[in-house]
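See below for the structure under consideration.
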Amino acid sequence: MANGFDPRIGAAPRTATTLDGRTAVDAGLRSYMLSVYNYMASGVLLTGVVALGLAASGIAAQIFYGGGALRYVVIFAPLLMILLLGGTWGRMSTAGMQAFYWSFAAVMGVSMSVIPLLYTGTSIATTFFATSAAFASLSLYGYTTRKDLSGFGTFLLMGLVGLVVAMLLNLFLRSSGLSLAINFIGVLLFAGLTAYDTQKIKSLYFTVAGSEMVGKSAIMGALTLYLDFINMFQFLLSFMGDRR
């Protein structure tokens, strides 16, 4: 990495040019990462407001307990949106990416509005704060560590595929033991992805810095961390949450 750690820096005299260049890069990176985290946190907030609002109004109960195909549309809509994004984001403008991101966060809120109907408010709040603390620690580690985490990417991706297969299988088996294992592994998997994705987002900055891709890259990074947070929260809630 062009602006990464170099042990020779301490031994070489620092010129004004080196200081100015380093300061500019550090300031740009901080601004970029702050934008990523602001998008991510705002998306989580929007999702929570939509989910709690629909649950409190009774609309969530009508959607999920009223029968019909609407609940399946609501459940699978976020996945369909992510699949759609995969083939179109390269052609989107920054404004288009922003519109997609906020729409996705709102749709995810609709999908998650069943959670307050299934779990107590106390367990939801406790799990949310536990997830927030874990996410902050793991993301900070991914941002600050000098260890290259890219080698874990393939392992984490294989684990994610295996987790999805196990979840689909358990739809038919309905095994409580397998469900417990899925939730435990899910928490660990998305904990690892949080650190890995943070480092990847940070590294990507040095590729897109100064180009028109910076804005889109920040939104994509926020979406990645948003999904890590939401999935870790849901698996942790399934693992330790108190049902009504």
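The values are calculated or read from the model by the stated rules, or taken from the named source; none is laboratory data. Everything numeric in this text was worked out from a predicted model, so none of it was measured. Cβ atoms come from the backbone with ideal geometry, glycine included; neighbour counts cover every protein chain shown.
Suppose the filter is touching a Phe, Trp or Tyr at 6+ places or on another chain (Cβ under 6 Å), within 25 Å of SER132 (Cα to Cα) and either part of a helix (DSSP H, G or I) or of a type in the set (S, T, N, Q) (or both); does GLY43 pass it?
Details: touching a Phe, Trp or Tyr at 6+ places or on another chain (Cβ under 6 Å): yes; within 25 Å of SER132 (Cα to Cα): yes; either part of a helix (DSSP H, G or I) or of a type in the set (S, T, N, Q) (or both): yes.
Spelling it out, GLY43 is indeed touching a Phe, Trp or Tyr at 6+ places or on another chain (Cβ under 6 Å), within 25 Å of SER132 (Cα to Cα) and either part of a helix (DSSP H, G or I) or of a type in the set (S, T, N, Q) (or both).
Within region 136-156, residues that are farther than 17 Å from TYR226 by Cα have Cβ atoms under 7 Å from residues that are assigned to a loop (DSSP other than H, G, I, E, B) and modelled with pLDDT under 95 in these pairs: ARG146/PHE5, counting only partners at least 6 apart in sequence or on another chain. Would you check if ASP242 is charged (D, E, K, R) and over 23 Å from SER139 (Cβ atoms)? Taking the combined requirement at face value, the residue satisfies it.
This table checks each residue for (1) in contact (Cβ under 8 Å) with a residue 40 or more places away in the chain; (2) surrounded by 13 or more Cβ atoms within 10 Å (Cβ to Cβ); (3) of a type in the set (Ser, Thr, Tyr).
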site	(1), (2), (3)
LEU160	no, yes, no
ARG174	no, no, no
SER179	yes, yes, yes
ALA191	yes, yes, no
TYR196	yes, yes, yes
SER203	yes, yes, yes
MET213	no, yes, no
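Looking at region 106-126, can you tell me whether even one residue there is in a helix (DSSP H, G or I) and aromatic (Phe, Trp, Tyr)? Spell out the reasoning first.
Pass one, region 106-126, residues in a helix (DSSP H, G or I): 106-118, 121-126.
Still in the running and aromatic (Phe, Trp, Tyr): none.
No: region 106-126 contains no residue that is in a helix (DSSP H, G or I) and aromatic (Phe, Trp, Tyr).
Return the total of residues in region 62-76 being over 13 Å from VAL114 (Cβ atoms), surrounded by 13 or more Cβ atoms within 10 Å (Cβ to Cβ) and either touching a Gly at 6+ places or on another chain (Cβ under 9 Å) or of a type outside the set (Val, Ile, Thr) (or both).
The initial filter retains those residues of region 62-76 that are over 13 Å from VAL114 (Cβ atoms), namely 67-69, 73, 76.
Cutting the leftovers down to surrounded by 13 or more Cβ atoms within 10 Å (Cβ to Cβ) gives us 73.
With the extra rule that they be either touching a Gly at 6+ places or on another chain (Cβ under 9 Å) or of a type outside the set (Val, Ile, Thr) (or both), the set shrinks to none.
Going through region 62-76 one residue at a time, the tally reaches 0.
Has region 82-96 got any residue that is under 24 Å from TYR143 (Cβ atoms), in contact with a helix residue (DSSP H, G or I) (Cβ under 9 Å, 6 or more places away or on another chain) and hydroxyl-bearing (Ser, Thr, Tyr)? The answer is yes; a qualifying residue exists. The single condition from (1) assigned to a helix (DSSP H, G or I); (2) over 20 Å from the mean Cα position of the chain (by Cα); (3) at pLDDT below 95 that GLY67 fails is (1).
Here is the figure for region 1-60: residues that are aliphatic (A, V, I, L, M) and modelled with pLDDT under 50 total 7. Within region 185-244, the set of residues being among the hydroxyl-bearing types (Ser, Thr, Tyr), farther than 24 Å from THR127 by Cα and part of a helix (DSSP H, G or I) comprises SER203, TYR205, THR207, SER217.
What do you reckon, is LEU85 farther than 17 Å from PHE233 by Cβ, out of contact with any strand residue (DSSP E or B) (no Cβ under 7 Å at 6 or more places or on another chain), exposed (fewer than 15 other Cβ atoms within 10 Å of the Cβ) and not polar (S, T, N, Q)? Quick ask: steps written out before the conclusion?
On the way: farther than 17 Å from PHE233 by Cβ: yes; out of contact with any strand residue (DSSP E or B) (no Cβ under 7 Å at 6 or more places or on another chain): yes; exposed (fewer than 15 other Cβ atoms within 10 Å of the Cβ): no; not polar (S, T, N, Q): yes.
So LEU85 does not fit the description; no.
Only one residue in PHE104, PHE76 is at pLDDT below 95 and either touching a His at 6+ places or on another chain (Cβ under 6 Å) or not aliphatic (A, V, I, L, M) (or both). Which one? Answer to the selection: PHE76.
For every residue, the table says whether it meets (1) over 13 Å from LEU193 (Cβ atoms); (2) hydrophobic (A, V, I, L, M, F, W, C).
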position: SER113; (1), (2): yes, no
position: PRO116; (1), (2): yes, no
position: PHE129; (1), (2): yes, yes
position: LEU163; (1), (2): no, yes
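Which is over 14 Å from SER238 (Cα atoms), part of a helix (DSSP H, G or I), of a type in the set (Phe, Trp, Tyr) and at pLDDT 95 or above, of PHE172, PHE135? Walk me through how you get there before you give the answer.
Working: PHE172 fails: at pLDDT 95 or above.
Checking each option against the conditions leaves just PHE135.
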